1. Order of Glu172, Glu203, Glu60 from fewest to most other C-beta atoms within 10 Å?
2. Most mobile of Arg190, Arg94, Arg81 per a Gaussian network model of the chain (Cα springs, under 10 Å)?
3. Report, for the chain, the % of DSSP beta bridges that are antiparallel, rounded to 5.
4. As an exercise, take the mean of 1/r over every pair of distinct alpha carbons in the range 63-160, invert it, and state the Kirkwood radius in angstroms.
5. Under the rule of -39500 (n - 2.57) per DSSP H run of 4 or more residues, summed and divided by the residues of the chain, what mean residue ellipticity at 222 nm is obtained, to the nearest 500 deg cm²/dmol?
6. Label-point separation (nm) for Asn188 and Gln82, each offset 7 Å from Cα along Cα-to-Cβ?
7. For the pair Leu74 and Lys2, what calculated FRET efficiency results from E = 1/(1 + (r/R0)^6), where r is the Cβ-Cβ distance and R0 = 41 Å, to the nearest 0.05?
8. Can you sort Lys115, Lys204, Lys132 so the residue with the fewest Cβ neighbours within 10 Å comes first?
Amino acid sequence: MKQAIKIDFVSDVACPWCAVGLSSLQIALSRLGDTVDAKIAMHPFELNPQMVDEGEDLVEHIGKKYGRTPQQVLQAQDELRQRGADVGFTFGTRTRIYNTFDAHRLMHWAGIQGKQLELKQRLLQAYHGEGKPTSNHDVLVEAAESAGLDGAEARAVLQRGDYAAEVRAEKEKYQSMGIHSVPSIIFNDRYLLTGAQPADAFEKAIRQIVADA
């Protein structure tokens with residue numbers, strides 16, 4: 001009999017390590033398919049809540065925010081591409097960082113529709129794989145449609161400003177719990193793993209959580 005496990009994945013579409021971490025987690029869960037019945041819920045975090053819709057140059061932004069040289073930024077991008085390739089996620093050549101608040105609103109709606117994980121994967125690929133602006137409603141609608149959601153309703157959600165209060169409340173909830181970096185993954189409301197862990201680390205942790213339960 002499979003053991004039910006609840007997984008709360010706190011992340012931002014703009015976070016490349018969240019793409020790596022989610023892919024690693026899914027590999028681990030595929031290895032444990034006969035052991036666990038995992039329910040994954042996505043929760044919002046904004047790395048750059050003040051980011052303007054048109055975005056900022058990636059190298060300039062990271063250099064200013066983290067004090068890194070252009071060479072260091074490019075080296076980190078090479079590392080990301082390798083880590084992504086190791087878990088089946090393809091990073092493209094992205095040159096800008098964009099606002100993600102509307103993406104989080106759409107994610108909240110997708111959760112109600114039962115398509116949250118599918119939309120998350122499409123948004124991560126659009127942002128990090130294709131370099132598309134996730135502040136652009138056309139990009140978000142396209143991602144929603146490719147995730148099996150109704151495009152017209154997705155556009156209406158975005159245009160009406162739906163779920164803004166809910167997203168802000170969720171962000172505040174997890175920040176109040178002490179989460180200030182992503183990805184942060186909470187298992188069964190008790191166990192926390194942070195960062196883009198390798199699949200082996202996720203698998204080991206989940207096996208231990210199941211055994212403890």
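Since every read-out is calculated from the coordinates, none of them should be taken as a lab result. Here the structure is a predicted model, which means the values were calculated and not measured. Cβ: placed from backbone, ideal geometry, glycine included. Neighbour counts: every protein chain shown.
1. Values: Glu172 10, Glu203 20, Glu60 13.
With the sparsest Cβ surroundings first, the list reads Glu172, Glu60, Glu203.
2. Highest fluctuation of the listed residues: Arg190.
3. Rounded to the nearest five, the antiparallel share is 55 percent.
4. After inverting the mean inverse Cα-Cα distance, the result is 14.4 Å.
5. -16500 deg cm²/dmol
6. 3.6 nm
7. Details: r = 44 Å, r/R0 = 1.08.
Given R0 = 41 Å and the Cβ-Cβ separation, E is 0.40.
8. On the way: Lys115 18, Lys204 13, Lys132 21.
Exposure proxy ranking, most exposed first: Lys204, Lys115, Lys132.
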